[in-house]
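Trainee: I have a structure I would like to understand better, so I am pasting it below and will then ask my questions one at a time.
Just so it is clear, none of the values below were taken in a lab; they were calculated from the coordinates. Predicted model, so just to flag it, every value in this text is computed and none were measured. As a convention, Cβ positions derive from the backbone with ideal geometry for all residues, glycine included, and neighbour counts pool all protein chains shown.
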Amino acid sequence: MNHLKYILTLIFLSTICLSQIEYTYTGVTYFQAHNKIGDIKMDVTGVELSWNYLAGRGISGGLGLGGTDLVIQPRFDDPNYTYTDLKSNGRFAANFYITKNLGIFYLSTGIKYYGIAGDMETKIDPDQSVSEFDKFVQENNYRFYEFPIALGVHVDYWLIGLSVGIHRSTYFSHHEYTEYIYQGLSNVEVDSRSYTFNEKDENSYIDLLFSINITEATQFKIQYSFPYIEGDLKSGMEDADRNEVRIFFGQIFN
C-alpha cells in the first residue's frame, strides 16, 4: 500500500502544478543509468520526449515519456545454472518530478517507471540433457518504480542555474516469471511465480544539476547522480550503488 500512497500524493501535487504552469520547455532527454538494488543489477539507456515546466510560487518540474533498453544481470548463484543477462529493448519508461524552491534551498520528489520484459536462459547440465540444444528458459516481466526525494541548494545567475543536493529513494517492483525446460522437440513448464518488494534505500546520493538557457526560449540541462554514503538496503538487500546521467535539450514553442 505504501507505493499507492506515493502515487496518489504525486497525482495531487502534479494537479496543483499543472493548473499554474507559466511556460514549458519541450524537448528530448537522453539518459544512462546503472542501478544495483540488492541482487538486481540494471544498466539502462533511453530517450524520452520531455516537458520541463515552470509554475507559480517557486514550483517547477518535468515529465518524460519514452523508451529504454535495459540489461539485468542474473540473480542466481547456482554454479550449475549460469543464466544469460536479461535484455529488454524498447520498453516504455516514464519520469515525473516536482521541485519546490525555498529561498536558496529546494525540495524535490517524483516517480520513475521502467517496464522490463525478456528471457534469460542457460544450458542444462550434460548429465541431465537429451541433446546439445537442451536449456532452461525463464520468461520475465518486471514493473519497476522508483520514488526519489531530494533536498539541496540552488543558485541562479542570469541564464545559468546550478543545484547540488542529497537524495534517497524508495523502490517498488513487481516481478513475474515462468520457467521452461526445453529438451529435444518438447518443452515443459517447471516453475511460475510472481513477487513484489518495497524497499527503502539507505544510501545517499549526490545530485548535480547544471542548466543554461542558451536563449530565453532554449534550455540545456545536464544532471548527474552518484553515491555519497555506502550502506545496505533493509530485508537483506545489500550493497546498493547507483550512477545516472540525464541530458535535456528543449525549446519553448508558442
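Trainee: Give K36/K112; K36/K87; K41/K112; K135/K200; K41/K100 a once-over and call out the pairs whose C-alpha atoms are over 27 Å from each other.
Mentor: On the way: K36/K112 15 Å; K36/K87 16 Å; K41/K112 17 Å; K135/K200 36 Å; K41/K100 32 Å.
Result: K135/K200; K41/K100 exceed 27 Å.
Trainee: Another question about this same structure. Taking 7 Å along the Cα-to-C-beta vector as the label spot, tell me the F249-V155 distance in nanometres, rounded to one decimal.
Mentor: Rounded to a tenth, the inter-label distance reads 2.7 nm.
Trainee: According to the square roots a ≥ b ≥ c of the eigenvalues of the Cα gyration tensor, what is the shape class of the stretch 81-124, taking rounded for a/c under 1.5, prolate for a/b larger than b/c otherwise, and oblate for the remainder?
Mentor: Working: a/c = 7.31, a/b = 3.35, b/c = 2.18.
Prolate, since a/c reaches 1.5 and a/b exceeds b/c.
Trainee: Another question about this same structure. Taking amide H atoms as placed 1.01 Å from N in the peptide plane, list the residues 5 or more away in sequence, or in a different chain, whose amide H sits under 5 Å from that of D207.
Mentor: Under 5 Å from the amide H of D207: G165, I166, H167.
Trainee: Calculate the all-directions average of the projected area of the stretch 20-60's alpha-carbon convex hull, and give it in nm². The partial results should precede the final answer.
Mentor: Values: hull surface 17.1 nm².
Its average projected convex-hull area is 4.3 nm².
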